[in-house]
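What follows is a set of notes on a single structure, which appears directly below.
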Amino acid sequence: MNLRTSVLLALSLGLAFGAAQAQSHQPSVSTPVTQLQYGGTGVKDASGKELLASPAYGDLGKGPHGTFIRMPAGFTSHAHIHTGDYWGVVISGVAVNGKPGSVDIPLPAGSYWFQKGGENHITKCISPNECLFFISQGGKFDYVVGAGQ
C-alpha cells in the first residue's frame, strides 16, 4: 500500500469516526500534507524522543479529535493507559501496539489498531524511519504512565 492510499484510508477512518460522534457546523476543509503543523505533546520515551501531533479535527487536549501523530524511529513508549478508547491507522513506518510483554505484531502502513481505554499497553515505532499515525478518539487524549498495571 502506498503513502497516498494510506493517508486516504486514515482520513476516511478518522472522518467516519468524527461524523459518527457529531455533525459539525464547520465549513469543509482540505489540507495538503505539506501544510500540517506539528507541535510537541510532552509524551517522551526513555531516550527523550517526543511524539509530535497535528490536528485534523477537534482538539486532542479537550475532547473528541482526529490527530496525526509523528513518532520518531526507535521510539518505545512507557507502559501507559488512556482513559478513553481510540483507533489508530498507520500511514507510514512500522508500528507496534500491545500489552507489556506481548509478542510484537508489526503494523506496516495501511494497518490499524483499536486501543481499549484503561488497558495498559506500549506503542513503538520499529521501522528505521519515523512512523506517522492517524488517531481518532471520542474524548480527550491523555497518557497515564504506570496506571492499569
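Things worth noting here:
- Normalised by residue count, region 45-136 yields a Cα convex hull volume of 89 Å³ per residue.
- The ranking of Tyr57, Tyr38 from fewest to most other beta carbons within 10 Å of each one's beta carbon is Tyr38, Tyr57.
- Taking Lys and Arg as +1 and Asp and Glu as -1, the other residues whose beta-carbon sits under 10 Å from that of Glu50 total +2.
- Remark on Val94: its backbone amide H falls under 5 Å from those of Ile126, Ser127, a criterion applied only to residues 5 or more positions apart or on other chains, H modelled at 1.01 Å from N.
- Order of Asp59, Asp45 - criterion: other Cβ atoms within 10 Å of each residue's Cβ, fewest first: Asp59, Asp45
Readers should treat all values here as calculations from the given coordinates under stated rules, not as data from a laboratory. Here the structure is a predicted model, which is why all the values come from computation and not from measurement. When we count neighbours, we look across all protein chains shown, and the Cβ atoms used for this are built from the backbone with ideal geometry, even at glycine.
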